[in-house]
Amino acid sequence: MKLTIVAATGGIGRQLLHQAVAAGHEVTAVVRSPAKLTGEAVRVVAADLAGAAPAVLESAVSGADAVLSGLGPRSSAEAGVAARGTRAVMAAMAATGVKRIVVVSAAPIGTVPSPGRPQPPKHDPGDGFVMRHVLNPLVKVALRTHYADLALMEELLRDSDLDWTVVRPPRLTDKPLTGSYRTAYGRNIRGGLTISRADVAHLMLRVLDDPATIGQTVGVANA
């Protein structure tokens with residue numbers, strides 16, 4: 001497949017790139033700093049997703065079978081980049097006729113309000129007592145701006161006519177790829193506290209040609 005990977009030098013983005021290349025896919029990497037991908041066997045397109053020129057993104061996605069995005073705020077200063085960047089990528093996809101997109105979000109986002117969904121469910125059906133009443137409330141306060149950004153990103157996708165899939169992992173680790181993880185549609189994984197970035201990337205690539213995942217949020221956690 002011809003794949004465009006957005007934010008290909010981030011933690012999940014690099015895993016997507018390496019696994020996609022290893023699987024024989026033809027990859028275009030959209031990155032802010034092309035020097036970070038020197039020597040990689042991919043086409044590199046330089047773009048700052050906070051304000052990329054439409055023509056640049058259109059050239060990056062044109063002819064792609066799918067777009068995969070690891071875009072997300074890494075600090076409070078970057079809050080808003082997921083929604084802004086995804087909106088720009090979606091516009092480029094619309095202009096070039098590309099329909100399939102898989103993005104990474106975060107496990108708590110199903111209970112985070114957004115402009116079009118100001119009163120989301122209070123609890124995720126996959127969360128247990130400790131997650132619902134202790135961990136999630138603390139994390140959502142600490143990462144309030146990050147999660148608002150991701151919630152808006154998800155809303156943009158829901159309101160689009162793209163063939164989207166949102167992957168919602170819990171806490172990310174740098175452990176190696178296992179290919180062994182649990183998934184569930186529309187909810188988090190009961191007792192699933194962590195997953196490696198490598199396994200998230202593996203799932204994102206795996207769902208690309210699975211029509212059952214289109215229009216779905218997918219919870220995932222290591223077994």
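The values are calculated or read from the model by the stated rules, or taken from the named source; none is laboratory data. A quick note: this is a predicted structure, and the numbers were derived from the prediction, not measured. Neighbour counts are summed over all protein chains in view; Cβ atoms, including those assigned to glycine, are modelled from backbone coordinates with ideal geometry. SASA here: full protein model, heavy atoms, side chains in, ligands and nucleic acids out. Shrake-Rupley method; radii C 1.70, N 1.55, O 1.52, S 1.80 Å.
Taking only protein heavy atoms into account and a 1.4 Å probe, give the accessible area per residue of the chain in Å².
Result: 46 Å² per residue.
Trypsin sites (Lys or Arg not before Pro), restricted to the range 171-213: which are DSSP loop and have at most 15 other Cβ atoms within 10 Å?
Sites meeting the loop and neighbour criteria: 190.
Highest first, please rank the peptides 17-25, 60-68, 92-100 by the mean number of other Cβ atoms sitting within 10 Å of their residues.
Taking the mean over residues of other Cβ atoms within 10 Å, the ranking is 60-68, 92-100, 17-25.
What is the list of residues in the range 202-223 whose amide nitrogen lies under 12 Å from a point 7 angstrom out from the Cα of residue 158, following Cα to Cβ?
It comes to 216-217, nothing else.
Note the count of lysine pairs whose C-alpha atoms are less than 24 angstrom apart in the chain, limited to pairs 8 or more residues apart or on different chains.
Lysine pairs satisfying the spacing and distance rule in the chain number 4.
Which stretch or stretches of the range 194-223 have amide N atoms under 11 Å from the point lying 7 Å from residue 180's Cα along the Cα→Cβ direction?
223
If you take all C-alpha pairs in the range 1-68, what percent of them are over 19 Å apart?
21
Cα axis of helix 144-158 to longest principal axis of the chain: angle in degrees, 0 to 90, nearest 10?
60
Roughly speaking, what % of Cα-Cα pairs in the chain are separated by over 32 Å, rounded to a whole number?
When all Cα pairs of the chain are counted, 12 percent exceed 32 Å.
Before rounding to the nearest 500, sum -39500 (n - 2.57) across all DSSP H runs of length at least 4 in the chain and divide by the residue total; then give [θ] at 222 nm in deg cm²/dmol.
Calculated mean residue ellipticity at 222 nm is -9500 deg cm²/dmol.
For the chain, what's the relative contact order in percent, using C-alpha pairs closer than 8 Å and at least 6 residues apart?
Rounded, it is 20 percent for the chain.
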